[in-house]
Amino acid sequence: MKAAYYERQGHARDVLRVEELPDPEPGPGEVRLRVAASGINPGDVKKLENAFGYGTGYTRVIPHSDGAGLIDRVGEGVSAARIGEPVWCFGAQSYRAFGTAAEYVTLPLAQSVPLPHGVSFEQGACLGIPGITAHRAVHVAGPVTGRTVLVQGGAGSVGYAAVGLARLAGARVLATVRSDADAAVAKESGAHAVIRLAGRSAEEVIAQVRALAPGGVDHIVEVAFDANIALDQQVLSVGGSIATYATAAASPSIPFWQLVFKNARIFFLGSDDFPPDAKYEAASSLNELLRGGWPGYRIAQIFALADIANAYEYLEHPTAPGRVILRVA
C-alpha cells in the first residue's frame, strides 16, 4: 500500500515520507479499511513536531487517528457481512503506530462507525477527535437537558460540534465567536444565541452573557482555559461546571477563591484517554446529529496523500476556515 509515515519527529517537510509499505492484516476483532479520506487535526502536527516532549514510542508512525472508507477485510470474530460497509473511524493512531494516512488501516471493529447515508467520506474523516471531544466536553459533568451551556469558540472544530451536540441533548446553547462570519457558523450548528468577541471588552462580553443567562451559565465548554477562566468564573452559576480541552499557557493561573465560592467543577479532557463507553456514545450521537440534518463541517482544503507535507503547512497557516483533509483513494 501507499502510505505517509515518519521515523523521527520534526517539521513535516523534513520528516514525512510517502512510499510503498506492506499491506496490514486485521487481527481478531479488527477490521481493515480501504481509506478514502484521512482527517488532519492540530494534535497530529503536535505529535509530529514533538510539541509535548513525549516522543512517539514507535520506530515508524503512520499519522492520523480520523478517517473514513470501506471495510474490505475482517479479522477473526467479525462477521464477513461487514465487508463493503462505508464507515468513519476514530482512534486509529491512539496508542497505535499506524493511522489513516495510508491506503489501508486496521483497527478494532468498535472504532469503525457506520457512515450515515448521504454523508461523504471527507465529512466522515472530520468527525473523530473533534466530535468525540465535543461530546465529552458537553456531557462530562452530567445531563444538560434544560440547562444553559456556553460554548467558547463556537465556530472552531470542537466548538462547532459541541454546539450541535448540546442542542441535540436539549440544552439552551450560547456560543462565543470572533467575527460575524463565525457567528453564522455557530448559528448554523444550532446556537440559540451568539456573543461576538471582536472589538469588545471582557466587561461587555460578561454583561451580554449575564443578560442572556441571569442565573448564570450551568456548564461551559472551554477552548482557551488560560485566556477565559477569569471570564468563565464570572458568568458561571453556583455549582456550575467547566470542561476544557485546550490552553495556550501550559501553567495558567486560576481565580481560586472565586471558583471555590461558586462550588465550581472543572474537567480537563484529553481525547485519547476518554472511557471507551464515552467514545462509543459520542459516535452514536454524532451519527444521530448528522441524520437529523446537522450540516457537518466546512472543509477548507483537500490534499492528495502525496501532498501531505503541504497539507500540514496549510493547517498551520490556513487561508480559509474549515477542516483539512487528505484524499487517499
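Listing for the model above:
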quantity	calculated
Count of residues meeting criterion [charged (D, E, K, R) and in a loop (DSSP other than H, G, I, E, B)] in the range 124-155	1
Only listed residue being surrounded by fewer than 18 Cβ atoms within 10 Å (Cβ to Cβ), of a type in the set (G, A, S), over 23 Å from H117 (Cα atoms) and in the same structural domain as V35 (by TED's automatic domain parsing), chosen from A304, A278, A311	A304
Count - residues of the range 98-127 that are surrounded by fewer than 24 Cβ atoms within 10 Å (Cβ to Cβ), in contact with a Gly (Cβ under 8 Å, 6 or more places away or on another chain) and under 14 Å from P63 (Cα atoms)	1
Residue that is nearest to the chain's Cα centre (by Cα) [pool: residues in the range 44-84 that are more than 24 Å from E19 (Cβ to Cβ) and buried (at least 18 other Cβ atoms within 10 Å of the Cβ)]	I71
Criterion violated by A249 - all others in (1) within 22 Å of the chain's Cα centre (by Cα); (2) under 19 Å from V163 (Cβ atoms); (3) of a type in the set (G, A, S) satisfied	(2)
Among residues of the range 274-329, those that are out of contact with any strand residue (DSSP E or B) (no Cβ under 9 Å at 6 or more places or on another chain), under 21 Å from G99 (Cα atoms) and polar (S, T, N, Q), counted	0
Test: Q152 is surrounded by fewer than 24 Cβ atoms within 10 Å (Cβ to Cβ) and either touching a helix residue (DSSP H, G or I) at 6+ places or on another chain (Cβ under 6 Å) or touching a residue at least 24 places away in the same chain (Cβ under 8 Å) (or both)	no
Residue match in the range 274-283 (condition: touching a residue at least 24 places away in the same chain (Cβ under 8 Å), within 19 Å of the chain's Cα centre (by Cα) and outside any helix (DSSP H, G or I))	yes
Residue among A243, A213, A249 that is at negative phi and without any contact (Cβ under 8 Å) to a residue 60 or more places away in the chain	A249
Matching residues in the range 32-64 - criterion: being in contact (Cβ under 8 Å) with a residue 60 or more places away in the chain, farther than 15 Å from Y5 by Cβ and of a type in the set (G, A, S)	A36, A37, G39, G43
Enumerated strands (runs of 3 or more DSSP E) restricted to the range 156-249, each holding at least 3 residues that are surrounded by fewer than 21 Cβ atoms within 10 Å (Cβ to Cβ)	236-244
Subset of the range 94-119 (residues that are touching an Asp or Glu at 6+ places or on another chain (Cβ under 7 Å) and of a type in the set (S, T, N, Q))	S94, T100, T106
Which numbered condition V173 misses (of (1) out of contact with any strand residue (DSSP E or B) (no Cβ under 7 Å at 6 or more places or on another chain); (2) touching a residue at least 12 places away in the same chain (Cβ under 8 Å))	(1)
Residue in the range 1-9 that is closer than 24 Å to N310 by Cβ, among the acidic types (D, E) and within 22 Å of the chain's Cα centre (by Cα) present	no
Residue list for the range 259-273, filter: surrounded by 15 or more Cβ atoms within 10 Å (Cβ to Cβ) and either out of contact with any strand residue (DSSP E or B) (no Cβ under 7 Å at 6 or more places or on another chain) or not β-branched (V, I, T) (or both)	L259, K262, A264, R265, F267, L269, S271
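The values are calculated or read from the model by the stated rules, or taken from the named source; none is laboratory data. Computed from a predicted model, the values in this text were never measured in an experiment. Every residue, glycine among them, receives a Cβ derived from its backbone with ideal geometry; neighbour counts consider all protein chains shown.
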